[in-house]
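Structure, as structure tokens:
Laboratory data are not the source of any read-out in this text; all were calculated from the coordinates shown. The model shown is predicted, which means the values in this text are computed figures rather than measured ones. We place every Cβ from the backbone using ideal geometry, glycine too, and count neighbours over all the protein chains shown.
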Amino acid sequence: MENQFSRTELIIGKENVEKIKNSKVAIFGIGGVGSYVVEGLVRAGIENFVLVDNDEISISNINRQIIATHSTIGKSKVEVARERILEINPNANVEIHKEFFIPETQGILDETIDYIVDAVDTVTAKIELIVRANKLNIPIISSMGTGNKLDPTRFEIADIYKTSVCPLAKVMRKELKARGIKKLKVLYSKEEPIKVNGIPKENIDETTISRVKQTPGSISFVPSVAGLIIAGEVIKDLIK
């Protein structure tokens with residue numbers, strides 16, 4: 001008898017569908033990348049989610065975030081994402097945290113989580129997430145910069161120490177090496193950030209790197225592709 005995962009079962013098998021169903025994934029940052037990670041994971045069969053983001057949806061999010069529409073402007077991103085998950089799979093369990101993850105954040109991560117997705121913007125939050133994931137021995141994948149990019153075919157999955165071009169990845173390599181983190185799976189782009197008046201607009205944490213502070217440009221088909229690639233990596237790792 002057909003169900004919503006019948007086609008998925010044809011390609012990965014019933015046992016793996018059950019494995020995915022019983023897995024719990026924490027997604028930090030429900031923006032252009034993170035919202036599509038959520039979309040890819042719930043449609044693949046993940047039923048247990050932890051969503052972390054303090055933002056509300058604004059009109060400028062509509063160009064790239066799947067949860068952003070005119071009817072959701074002003075609403076909490078994690079609450080709208082939870083509603084969307086439950087519309088797709090009413091059996092899902094969705095734990096939400098309406099807060100920004102910072103080094104002082106307590107709780108959220110524990111041994112019940114099978115995979116962590118880092119789709120947050122700031123270097124300090126990324127580093128703290130990665131350090132905690134390592135301590136808890138939870139697999140993690142981290143998204144590097146997707147702003148000021150136009151070519152979604154330039155994304156690659158790699159270890160952080162094998163990345164190039166991406167300004168954010170450069171900062172992350174230095175910071176993680178200083179903390180003794182020897183490996184990290186990331187998604188990054190080999191496309192040079194688009195420049196305006198000769199100045200890269202890639203927005204990296206202002207406390208970590210000194211550069212002109214401008215809002216990065218974005219377009220619908222770049223962060224979305226990044227998010228779906230990450231979702232694919234999470235699923236492939238869970239069913240290995």
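The DSSP beta bridges internal to the chain are antiparallel in roughly 30% of cases.
Springs join every pair of Cα atoms under 10 Å in this Gaussian network model of the chain, and among Ile160, Ile102, Ile12 the largest mean-square fluctuation is at Ile12.
Look at His97, His70 and count the other Cβ atoms within 10 Å of each Cβ; fewest to most, that gives His70, His97.
For the residue pairs Lys98/Lys174; Lys14/Lys162; Lys24/Lys177; Lys24/Lys162; Lys126/Lys149; Lys75/Lys170, the alpha carbons lie more than 32 Å apart in Lys14/Lys162; Lys75/Lys170. Extension gain, Glu192 to Arg154, is 12.7 nm, computed as 0.36 nm per intervening residue step minus the present C-alpha separation.
In the elastic network of the chain, a GNM with C-alpha springs shorter than 10 Å, the most mobile of Leu51, Leu136, Leu184 is Leu136.
Working note: 222 nm ellipticity from helices only, DSSP H runs with n ≥ 4, each -39,500 (n - 2.57), summed and divided by the residues of the chain, gives -10500 deg cm²/dmol to the nearest 500.
Report the chymotrypsin sites (Phe, Trp or Tyr not before Pro) located in the stretch 26-79 that are in a DSSP loop and have at most 10 other Cβ atoms inside 10 Å of their Cβ, or state none.
Filter output for the stretch 26-79: empty list.
Comparing Ala81, Ala158, Ala226 in a Gaussian network model of the chain, where Cα atoms under 10 Å apart are tied by springs, the biggest mean-square fluctuation is seen for Ala158. Does anyone have the angle between helix 167-178 and the longest principal axis of the chain? Alpha-carbon axes, 0 to 90°, nearest 10? The two axes meet at around 80 degrees. Centre-to-centre separation between the Cα atoms of the stretch 113-176 and those of the stretch 1-58: 20 Å.
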